[in-house]
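For reference, the structure discussed in these notes is given below.
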Amino acid sequence: MEEATSEASVTAFVEEVLDGTGWQVDRVRQRSSRLDPPDYWTLFEVSISKDEDTRKLRMVARGAFEVHAWQRLQSQLERHGAGRPCEPVDGVGYPRIFPESQHAYWFYPFDPTMPNLPSAADPATMAGVLLGLDEPAAQAFAAAGRIDIERVRYLPEVGAILRYTIDTGAGSIQIYGKVQPGDRGLRTHRVVDGLWESAKKYEGLLYLPRPLGFIDELGLLLEESIPGKPVGGNRLSTEFGLAAYAAAEAVAVIHESGVATGDDGIRIESEISRLDRVTEQFAKVHPRAHFLLNDLIVHMREHVRAAAEEERLPTHGDLKYDQFIHHNGKLTLLDFDYFSMAETSYDLGKFCAYLIPTAPKDWQESLAAEETRLIFLQRYRELRPHATLQRFAIYEALQLALRAMALMWAQTSSWERASETFLVMAFERLKSRLPEMAASELTG
């Protein structure tokens, strides 16, 4: 699998796909990877050119470690386009399957869980949907370049965010659209509607994009445009520090919102089991980390048995600093794709685990991360002093371990040291109490 998802293998595949089209590959760069045992995804940016024309494509390498998981994936891909032409420039980059190595490639906007994504990314289709034009008028509107669709973010099999810029004749307007698998788009629409009402009750604590509507036939959630930029990873920046307050306030409102999710939610036992299923992958590439991870899992399970279950509450599910857009001191929370029910500490543990830099430039960055963590926890407990947090250490350790696993899979520069550091820190967090603070002692 490592060879199948290398930049060299991806480059060779793209060159084969483009052969005879006049397009050539200029660069292949890995943008991100995601490990959700037993499945993995790697997303690549592919820069291509033809004469003076240039494009940047998104290509996905997708696979599974276990045979049954691969069989499920293969069947899904075969139902949704495998065998159809892979034409990422002028058509749709349908998947190519490689059973012997249990992986597949495809190009955005194809996605096996979002079959309507190509339509949501098509200017003529969206001119008809957004403006109510008939097909000839929509085709003409798109051909005139009066609607532009920009891919803002794409997470394979999770969701895609698109920016629609429409020329009204009197100026341009922008709106954002989000496509998600199955009925999750409608579910997210209802969640955001509920949180929007909660935000009104707790003025100044939670900012999120205003929902504009839901296009059922495309599974497309429409939201207002938000000015600003995502909070970056500079731990010494002003906006990074502000994210601690914004995150604490936002999650406190979410926890108090009472917004229903309609699912069983996230369970700590299932999260640890997912991690346990792929520990053997570490044994092959980093034996010491494999030993640390196995030992950590044993201790986490002991802590779960010893600590009473916390209150189960509405949960953002992916609370990290980069989920906030900052503009003139205001931070807006995005992406409710993973919204669910979970114990109180789930969001808190994840936010804190991702404050730690993978490769700190100096001691100041590490210190800033610790200070940001303390501010976040203090502010949250000020707002919810009776929150049940007796499993906080378990959830923070869990997320640090998952970060170590992600590094193992991505194998970027110095990944061995960074993954081992995260596992050692996970042990330390697991054995530590919450920082002493002015708020009342935690209950439960």
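The values are calculated or read from the model by the stated rules, or taken from the named source; none is laboratory data. Computed from a predicted model, the values in this text were never measured in an experiment. As a convention, Cβ positions derive from the backbone with ideal geometry for all residues, glycine included, and neighbour counts pool all protein chains shown. Accessible surface areas use protein heavy atoms only, side chains included; no ligands, DNA or RNA. Shrake-Rupley method; radii C 1.70, N 1.55, O 1.52, S 1.80 Å.
Could you say which residue among 438, 404 is under 28 Å from residue 6 (Cβ atoms) and at pLDDT below 95?
Details: 438 fails: under 28 Å from residue 6 (Cβ atoms).
Result of the check over 438, 404: 404.
Being within 19 Å of the chain's Cα centre (by Cα) and farther than 29 Å from residue 227 by Cβ is a condition met by no residue of region 359-377. Residues in region 25-46 that are farther than 16 Å from residue 408 by Cα, surrounded by 14 or more Cβ atoms within 10 Å (Cβ to Cβ) and not aliphatic (A, V, I, L, M): how many? The number of residues fulfilling the criteria is 2.
In summary, residue 381 fulfils each of the numbered conditions (1) surrounded by fewer than 22 Cβ atoms within 10 Å (Cβ to Cβ); (2) among the charged types (D, E, K, R); (3) out of contact with any Lys or Arg (no Cβ under 6 Å at 6 or more places or on another chain); (4) in a helix (DSSP H, G or I) with the single exception of condition (1). For residue 252, the test of being modelled with pLDDT of 90 or more, surrounded by 13 or more Cβ atoms within 10 Å (Cβ to Cβ) and part of a helix (DSSP H, G or I) is passed. Note on region 268-283: among residues that are farther than 16 Å from residue 66 by Cα and among the charged types (D, E, K, R), the one that is surrounded by the most Cβ atoms within 10 Å (Cβ to Cβ) is 271.
Given the conditions (1) farther than 24 Å from residue 408 by Cβ; (2) open to solvent by less than 50 Å² (accessible area, probe 1.4 Å); (3) in contact (Cβ under 8 Å) with a residue 60 or more places away in the chain, report the number of the one that residue 345 does not fulfil. Condition (3) is where residue 345 drops out. When you check residue 350 against the structure, is it open to solvent by 20 Å² or more (accessible area, probe 1.4 Å) and at pLDDT below 95, yes or no? Here the answer is no, as residue 350 does not meet what is asked.
Restricting attention to region 56-71, which residues are of a type in the set (Val, Ile, Thr) and open to solvent by less than 20 Å² (accessible area, probe 1.4 Å)?
Once the filter is applied, which keeps residues that are of a type in the set (Val, Ile, Thr) and open to solvent by less than 20 Å² (accessible area, probe 1.4 Å), region 56-71 yields only 60.
Taken together, 338, 245 contain a single residue that is in a loop (DSSP other than H, G, I, E, B), open to solvent by 20 Å² or more (accessible area, probe 1.4 Å) and closer than 26 Å to residue 225 by Cβ, which is 338. Screening region 148-190 for residues that are open to solvent by less than 40 Å² (accessible area, probe 1.4 Å) and in a loop (DSSP other than H, G, I, E, B) and picking the one that is farthest from residue 33 (Cα to Cα) gives 171.
Does residue 109 satisfy the condition of being within 26 Å of residue 11 (Cα to Cα) and out of contact with any Phe, Trp or Tyr (no Cβ under 7 Å at 6 or more places or on another chain)? Spelling it out, residue 109 is indeed within 26 Å of residue 11 (Cα to Cα) and out of contact with any Phe, Trp or Tyr (no Cβ under 7 Å at 6 or more places or on another chain). Scanning region 109-119 for residues that are assigned to a loop (DSSP other than H, G, I, E, B) and either within 14 Å of residue 82 (Cα to Cα) or open to solvent by less than 10 Å² (accessible area, probe 1.4 Å) (or both) gives 110, 111, 112, 113, 114, 115. Candidates in region 284-328 are the residues that are open to solvent by 40 Å² or more (accessible area, probe 1.4 Å) and among the β-branched types (Val, Ile, Thr); of these, the one that is modelled with the highest pLDDT is 298.
Of the listed requirements (1) buried (at least 17 other Cβ atoms within 10 Å of the Cβ); (2) at pLDDT below 95, residue 423 misses just one: (2). Within region 85-99, residues that are more than 20 Å from residue 116 (Cβ to Cβ) sit with their Cβ atoms under 7 Å from residues that are of a type in the set (Val, Ile, Thr), at 6+ positions apart or across chains, in these pairs: 89/21.
Is one or more of the residues making up region 203-215 farther than 29 Å from residue 112 by Cβ, modelled with pLDDT of 95 or more, open to solvent by less than 60 Å² (accessible area, probe 1.4 Å) and in contact with a Ser or Thr (Cβ under 8 Å, 6 or more places away or on another chain)? Checking region 203-215: at least one residue is farther than 29 Å from residue 112 by Cβ, modelled with pLDDT of 95 or more, open to solvent by less than 60 Å² (accessible area, probe 1.4 Å) and in contact with a Ser or Thr (Cβ under 8 Å, 6 or more places away or on another chain).
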